[in-house]
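A short worksheet on the structure shown next.
Nothing in this text is a laboratory measurement; each read-out follows from the coordinates by a stated rule. What you see is a predicted model; the values in this text were computed from it and never measured. All Cβ positions, even for glycine, are placed from backbone atoms using ideal geometry, and neighbour counts span all protein chains on display.
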Amino acid sequence: MDLFEKFTVDMGPLGKHAGIEEGYFMFPKLEGEIAPRMKFRGKEVLTWSLNNYLGLANHPEVREADRKSAEKWGLAYPMGARMMSGNSDLHDELERQLATFVKKEDAMLLNYGYQGILSVIDAMVDRKDIIVYDAESHACIVDGVRLHLGKRFVFPHNDVENLEKQLVRATRLANETGGGILVITEGVFGMSGNMGALQEIVALKEKYQFRLLVDDAHGFGTMGATGAGAGEAQGVQDGIDVYFSTFAKSMASIGAFVAGDTSVIRYLRYNTRSQIFAKSLPMPFVEGGLKRLELLKKTPELREKLWTVVKALQSGFRERGFNIGTTQSPVTPVILKGEIVDAAGLAYDLRENFNIFCSVVIYPVVPKDIIMLRIIPTAMHTLADVEETITAFENVKHKLETGVYHTSELAAAFE
């Protein structure tokens with residue numbers, strides 16, 4: 001069989017929908033300044049799909065810092081990987097400030113979040129070690145676990161009782177192999193909005209010998225008294241051995257970092273292959289990162305405004321009978337009963353008739369009988385935006401429940 005034959009025979013669970021108006025449902029194009037209201041196919045839509053939690057993407061101080069840095073350095077400097085020729089004092093300074101902010105001894109910059117944590121996991125464990133991870137972990141964690149040549153165990157989402165069972169198994173195996181145990185979870189889970197059960201997991205360290213890696217992409221900047229993340233919010237930041245976050249959410253940029261004890265970060269600097277063999281993070285992203293971190297620290301009112309919008313949105317949905325799960329964060333999933341064939345009509349209706357753009361999540365990300373409308377509030381949204389959205393959702397929910405979308409022409413394409 002020709003290797004390429006399968007690319008047309010089986011496109012996978014998402015790829016099978018590729019022919020259904022690509023550019024509208026799959027790979028849609030939002031245009032204009034990053035803001036609550038943008039353009040989609042020439043018309044203005046209220047947008048709830050951008051992880052710009054604190055509104056830093058178009059903050060005037062951020063834009064000015066980005067502009068000046070690009071003019072001064074261009075996008076090439078520094079050239080080469082950091083270990084060889086791509087290091088700078090500003091890279092070191094951003095790492096120092098990030099480490100201090102998340103209350104760790106040291107930190108290491110990463111070029112991208114997805115690639116970064118995947119490579120960190122790969123560097124931290126060898127075939128003698130055992131990984132235990134949450135079943136709802138992001139794809140970047142799952143792919144990092146797949147690289148692991150040793151044993152791995154998975155526990156149901158936030159099921160600490162089952163986690164302990166897996167730790168018993170992992171401990172027994174580690175005693176045989178002479179390896180260690182790495183537990184991986186998230187600070188905030190990006191679909192459900194739940195925080196990881198960090199308090200309960202950290203408490204298990206008194207009984208079992210393991211290290212804890214937390215991916216806090218959605219928690220960094222949004223959770224905790226200072227925005228230092230889910231560990232701070234739960235009072236267990238010290239119990240997190242390796243803390244990871246991306247710049248693609250609250251920092252509204254490109255890049256990521258990992259933080260922990262000095263010995264751990266030093267080891268990762270010399271063993272994280274995605275950084276050793278890749279060009280250094282360009283200077284505008286480094287200087288821009290310093291400015292964004294400065295604003296994150298000195299403007300708590302942005303986080304307060306975000307939470308004003310979050311609370312209004314989530315309480316409004318609950319008061320009007322919507323199921324938003326058990327979210328504990330700004331991530332707001334609106335969970336509806338329906339089939340994949342309903343999703344296209346519902347999304348089209350929201351965008352064309354109510355001028356609202358949000359992510360519509362379907363199987364295999366959620367079960368086959370579920371449609372999730374994933375809302376990401378930001379500090380730039382208003383309470384009027386909240387009311388407009390909830391009213392529109394009441395309309396589409398009624399249509400969904402009365403079968404309007406199931407009989408639409410769009411739905412037939414998904415059969």
In a Gaussian network model of the chain with springs linking alpha carbons closer than 10 Å, the residue among Met380, Met79, Met26 that fluctuates most is Met26
How big is the charge dipole of the chain about its Cα centre, in debye rounded to the nearest 20, if each Lys and Arg gets +1 on its Cβ and each Asp and Glu gets -1 on its Cβ?
600
Give me the net charge of Phe189's neighbourhood, meaning all other residues with Cβ under 14 Å from the Cβ of Phe189; Lys, Arg count +1, Asp, Glu -1.
-4
Charge dipole (debye, nearest 20) of region 60-298; +1 at Cβ of Lys and Arg, -1 at Cβ of Asp and Glu:
480
Per 20 Å bin, what percent of the C-alpha pairs of the chain does each bin hold, from zero upward?
25, 55, 20, 0
Specify which residue in the list Val132, Met79, Ala35 is farthest towards the positive end of the charge dipole of region 26-132, using unit charges on the beta carbon of Lys, Arg (+1) and Asp, Glu (-1), about the Cα centre.
Ala35
Projecting each Cα onto the charge dipole of the chain (Lys/Arg +1, Asp/Glu -1 at the beta carbon, about the Cα centre), which of Leu290, Gly193, Pro333 comes out farthest on the positive side?
Leu290
Given only helices, namely DSSP H runs of n ≥ 4 each adding -39500 (n - 2.57), what is the per-residue ellipticity at 222 nm of the chain, to the nearest 500 deg cm²/dmol?
-12500 deg cm²/dmol
For the Cα atoms of the chain, what angle does the longest principal axis make with the long axis of helix 283-298, in degrees from 0 to 90, nearest 10?
80
Helix 300-319 vs. the chain, principal-axis angle (Cα, 0 to 90°, nearest 10)
50
Could you state the angle between the C-alpha long axis of helix 383-401 and the longest principal axis of the C-alpha atoms of the chain, as a value from 0 to 90 degrees rounded to the nearest 10?
60
Of the DSSP beta bridges with both residues in region 146-255, give the percent that are antiparallel, rounding to the nearest 5.
10
What does the convex hull of the alpha-carbon atoms of region 60-298 project to on average, in nm²?
12.2
For region 323-400, report the % of Cα-Cα distances exceeding 14 Å.
62
How many percent of all Cα-Cα pairs in region 36-100 sit more than 13 Å apart?
77
Check each of the trypsin sites (Lys or Arg not before Pro) in region 160-269 and keep only those in coil by DSSP with at most 16 other C-beta atoms within 10 angstrom; list them in order.
Lys207
Counting pairwise Cα distances across region 96-185, what percent come out greater than 19 angstrom?
47
DSSP-defined beta bridges in region 60-298 - what % are antiparallel, rounded to 5
40
